[in-house]
1. Test Glu153 against the criterion of being over 28 Å from Thr260 (Cβ atoms) and not small (Gly, Ala, Ser), and give yes or no.
2. Name, by its number, the condition in (1) touching a helix residue (DSSP H, G or I) at 6+ places or on another chain (Cβ under 8 Å); (2) open to solvent by 40 Å² or more (accessible area, probe 1.4 Å); (3) small (Gly, Ala, Ser) that does not hold for Gly196.
3. Only one of these is farther than 17 Å from Tyr255 by Cα, among the hydroxyl-bearing types (Ser, Thr, Tyr) and out of contact with any helix residue (DSSP H, G or I) (no Cβ under 9 Å at 6 or more places or on another chain): Ser63, Ser88. Name it.
4. Among the helices (runs of 4 or more DSSP H) contained in segment 71-137, which hold 3 or more residues that are closer than 17 Å to Val161 by Cβ?
5. Six or more apart or on different chains, Cβ under 6 Å: which pairs go from a residue in segment 132-153 that's without any contact (Cβ under 8 Å) to a residue 24 or more places away in the chain to one that's of a type in the set (Asp, Glu)? Could you list them?
6. Condition first: open to solvent by less than 40 Å² (accessible area, probe 1.4 Å) and not β-branched (Val, Ile, Thr). Now tell me which residues in segment 226-239 satisfy that.
7. So which residues in segment 43-75 are of a type in the set (A, V, I, L, M) and open to solvent by less than 80 Å² (accessible area, probe 1.4 Å)?
8. Determine whether segment 103-122 contains at least one residue that is loosely packed, with under 15 Cβ neighbours inside 10 Å, over 19 Å from Ile176 (Cα atoms) and without any contact (Cβ under 8 Å) to a residue 40 or more places away in the chain.
Amino acid sequence: MFTNKLMRRQAIFAYLILIPGIIMLLIFTFYPIVRGLPLAFTDYSVVDTTHWTGWKNFKRAFSDPIFGAALKNSLIYIVVVPFLQIISILMAILVNNKLRFVQFFRVAYFVPVVTSMVAAAIAWKWVYEEQGILNYFLMEFGILDEPISFMVETKLALMGVMIVTVWKGLGFYMMIYLAGLQSIPTEMQEAARIDGANRWRVIWHITIPLLMPFVLLCSLLSVMGAIQVFDEVFVMHGSLGDPAYSTLTTSVYSYRIAFTDFEFGYSAALGLLVAIIITIISIAMFRFTRKGGLTYYE
């Protein structure tokens with residue numbers, strides 16, 4: 001009887017804590033989504049009459065070469081996901097050990113996460129300048145004979161932004177994986193070591209399979225973040241995605257269409273198309289990575 005009352009009180013307390021977050025989610029996420037869906041089928045105007053245009057905005061999107069370039073860049077951006085997840089897992093395994101100053105390393109790795117993306121993007125922009133730190137070290141070690149314009153070279157510009165995203169997200173995903181590692185029963189790993197498995201075999205055959213729910217979560221968040229990347233591109237290369245649209249992403253292009261060209265209906269249609277693409281990728285990831293976790297060994 002006492003246990004039931006205690007559990008009921010804990011549940012009520014938990015829901016009370018969740019209520020403010022749920023209200024914020026409803027107001028700032030779900031309400032804009034519901035309001036934005038009909039806009040995709042209109043030529044919405046703030047000052048003029050709004051007309052229903054049906055599938056016109058979507059037909060325009062499929063024939064829009066700039067949107068095609070932006071979508072291509074956004075899909076290429078997914079390349080950061082495996083690098084980001086693999087390095088994050090390795091970092092989590094490293095800081096999960098009982099080492100000297102391990103708390104310092106955990107904090108140090110997490111510092112980029114709490115750093116403003118605007119400040120980080122500006123700092124990295126300085127790094128990539130012709131007279132920046134990167135060119136200085138590359139020339140100092142004899143790798144380059146003359147400085148490279150990393151911000152201007154079409155083949156390097158997008159890669160430079162990707163590096164910023166990886167640097168910024170490592171600490172965030174590391175902490176999630178660290179929580180996952182600390183939830184794994186140590187008995188399984190100890191039993192594998194007793195049977196003669198070395199450290200890498202334990203990681204590959206025990207740790208990684210048990211981390212799969214966390215891998216799925218982090219990969220989904222990372223894919224959605226990669227396709228919707230905005231801040232670093234906007235700060236480093238502006239709304240045009242210079243040079244020659246090589247860094248233009250769907251989020252930046254949608255922003256430009258809405259708040260520079262004031263074509264809110266077309267911008268909403270672009271957002272809806274990107275949301276559909278993210279949903280398809282998410283379903284595929286669920287299908288191929290659903291096996292794992294503690295039930296894997298049951």
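The values are calculated or read from the model by the stated rules, or taken from the named source; none is laboratory data. None of these values were measured; they are calculated from a predicted model. Here the Cβ positions follow ideal geometry from the backbone for every residue, glycine too, while neighbour counts run over all protein chains shown. Surface accessibility is based on the protein's heavy atoms, side chains included, excluding ligands, DNA and RNA. Shrake-Rupley method; radii C 1.70, N 1.55, O 1.52, S 1.80 Å.
1. Details: over 28 Å from Thr260 (Cβ atoms): no; not small (Gly, Ala, Ser): yes.
The answer is no for Glu153.
2. (1)
3. Details: Ser88 fails: out of contact with any helix residue (DSSP H, G or I) (no Cβ under 9 Å at 6 or more places or on another chain).
The conditions single out Ser63.
4. Working: elements: 80-95, 102-114, 117-128.
Hits in segment 71-137: 80-95, 117-128.
5. Qualifying pairs under 6 Å: Pro147/Glu130; Ser149/Glu130.
6. Matches in segment 226-239: Ala226, Glu232, Met236, His237, Gly238, Ser239.
7. So the first thing to find is which residues in segment 43-75 are of a type in the set (A, V, I, L, M), and the list is 46-47, 61, 66, 69-71, 75.
Listed by number, the residues that qualify are Ala61, Ile66, Ala69, Ala70, Leu71, Leu75.
8. Within segment 103-122, one or more residues are loosely packed, with under 15 Cβ neighbours inside 10 Å, over 19 Å from Ile176 (Cα atoms) and without any contact (Cβ under 8 Å) to a residue 40 or more places away in the chain.
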